[in-house]
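Right, one structure below, let's go through it.
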Amino acid sequence: MAPEHTLREAHPTERAVGIEYYVSDADGIGGRLRESPEDFRVRELEAFDAEPLDADTGSYPELVIRATLRDWDTNDFARRLSDALGVSRERVSWAGTKDKRAVTTQLFTVRGVDAEDLPEIRGAEVEALGRAGRSLSFGDLAGNAFEIRVADAVEDAPERVAAAVRDLRWFAGGDDVGDLPAAEREFPIGATVGVPNYFGQQRFGSRRPVTHVVGLAIARNDPREAVRLYAGNPSETEPDDTRAARDRVDAAFGVDDAVADGVADSDAAGGAERSAADGTGDGDWAACLDAIPGKLRFERSMVHRLADRGVAPDAPADHDDWWHALEAVPSNLQRLFVNAAQSFCFNRFVSERLRRGLPFDRPVAGDVVCFADGDAPEELYAPDTDRLQRVDADRVDVVSRHCERGRAFVTAPLVGTETELGDGEPGEIEREVLADVGVEPGDFALPGEFDSRGTRRAILLRTDLDVTFEGGDPRFGFALPSGSYATVLLREFTKRGPLDL
């Protein structure tokens, strides 16, 4: 985004989850991702050490394996592996979940098995690396290296890619276009680029992005509406039988159609108008169970609990019975609801900072920065959000130099009970967005798995980008720290909606 450019508005599907702008004003290359699994390659940047394979199994019960998977969902592969080994699925662990339509290379640990036990599995190359004293967890993943082809790009894709790279180079804190050497002004393909560190569409649900509105209802102490939003609340992108089932759930709750329509719109934009369940429904949860297909197993679990307790639709919105229904889903999904609400607020903070024209590569007075992770692989620009510092006016220049050298990153909050908002204009943005959404840090003091202390996240996603062309189609190579989304970078080049890729 050269300084004179105005912001380009994002796709409506993205705006519904707080992604409101593009950084680059360059026209998109269109195209499609994942025409074949080989078009989307992901390799974990590992942060996990293993002992030799002949290490004592009593002290090191976990077998560490590296698997290269073609067209495998991570959870499905773990289940297939455990079945082939004849062990519980709970004995298989990994650090990061990968997409199915891809070729992925990642680590797994399996407790209580030997390298000789490993089976042959279709579409998987499995290598035993060693043994470990504990299973893998999310913190063991430093990041991911990507190699992604965009198929069927427009004819002038090289020129459009070059224009976008120039914009993103500037956004990352690089030279303005006019200051570059003549050759790089024409085609600066190999460059350090930056984009807003948005949470991508996958965080919220690609075809039915509702996890964040469920999470917001939870934070507002309205578990009744949270259950309805998840089990009811049909989407136009769903099959007819699913829509009909969700309509039946809405009828059991009782929904004011005018209010419900407003909630769908205003909650997507972060508005404070919210509760759509009005308690006037028939409460026929048995009829709901007859209508809900088996594929919606989590929705069925919630409604089963309502039926078992005979919950009246006009029971108080914060009654324990509604919380009981919410807790029917797995604990990781319970956490995801709240995490998605936090992610939505973060996206809103970032979008508002963009709109106001505040820098991303350096702080302004009132910002909170974190420092770089000194243990991260060399190819990563990785923040360490456990090391924070507030920036007052007297220290802006000093901290800006740290940011310029990759030693510090400007952050925004993932709001929770321990969140301390920024000062100055950054703090003003945070408070205005939270007021608009209708939550505050103390609202995240929630029961069980829903409780969250919060943290901070870097607002700039910086990477060294390499682009090559094959038959007119670009292939993008880059590495990102864990928790960041490849699609957030690619969207600046394709300019297509998430469902169109």
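Per-residue extension of 0.36 nm, minus the Cα-Cα distance of residue 68 and residue 38, leaves a gain of 9.6 nm for this segment.
Once you list every other residue whose beta carbon is under 12 Å from the beta carbon of residue 392, what net charge do they have if Lys and Arg are +1 and Asp and Glu are -1?
Details: positive: 390, 395; negative: 367, 394, 397, 423.
Net local charge, residue 392 excluded: -2.
For residue 75 and residue 6, compute 0.36 nm times the residue count separating them, minus their Cα-Cα distance, and round to one decimal in nm. Mind showing how you got there, number by number?
Working: separation 69, 0.36 × 69 = 24.84 nm, distance 4.25 nm.
Stretched out fully, the residue 75 to residue 6 stretch lengthens by 20.6 nm.
Which longest run of the chain has no exposed loop site in it, a site being GluC sites (Glu not before Pro) in a DSSP loop with at most 16 other beta carbons within 10 Å, and the site itself not part of the run? Please report the intermediate quantities before stating the final value.
Working: sites that count: 4, 35, 120, 155, 236, 273, 378, 379, 418, 420.
Looking at the chain, 274-377 is the longest stretch - no exposed GluC sites (Glu not before Pro) with at most 16 other Cβ atoms within 10 Å.
A Förster distance of 35 Å, applied to the separation of the beta-carbon atoms of residue 155 and residue 207, puts the FRET efficiency at 0.70. Computing Cα extents along the principal axes in Å directly from the structure and comparing it against (i) 72, 59, 48; (ii) 76, 51, 45; (iii) 93, 61, 56 singles out (i). Distance between the 7 Å Cα→Cβ label points at residue 469 and residue 244: 5.1 nm. Once the Cβ-Cβ distance of residue 55 and residue 314 is raised to the sixth power relative to R0 = 60 Å, the FRET efficiency obtained is 0.45. Here the simple spin-label model places points 7 Å from the Cα toward Cβ, and for residue 282 and residue 393 these points are separated by 6.6 nm.
With both labels modelled 7 Å from their Cα along Cα-to-Cβ, the residue 89 to residue 124 distance reads 1.3 nm.
Give, rounded to the nearest 20 debye, the magnitude of the charge dipole that the chain has about its Cα centre when Lys and Arg contribute +1 at Cβ and Asp and Glu contribute -1 at Cβ.
Computed about the Cα centre, the dipole is about 460 debye.
With all protein chains kept in place, the per residue accessible area of region 383-458 amounts to 51 square angstrom at a probe of 1.4 angstrom.
The values are calculated or read from the model by the stated rules, or taken from the named source; none is laboratory data. Everything numeric in this text was worked out from a predicted model, so none of it was measured. No Cβ is skipped: glycine too gets one built from the backbone with ideal geometry, and neighbour counts run over all protein chains shown. Calculation scope for accessible area: heavy atoms of the full protein, side chains included, ligands and nucleic acids excluded. Shrake-Rupley method; radii C 1.70, N 1.55, O 1.52, S 1.80 Å.
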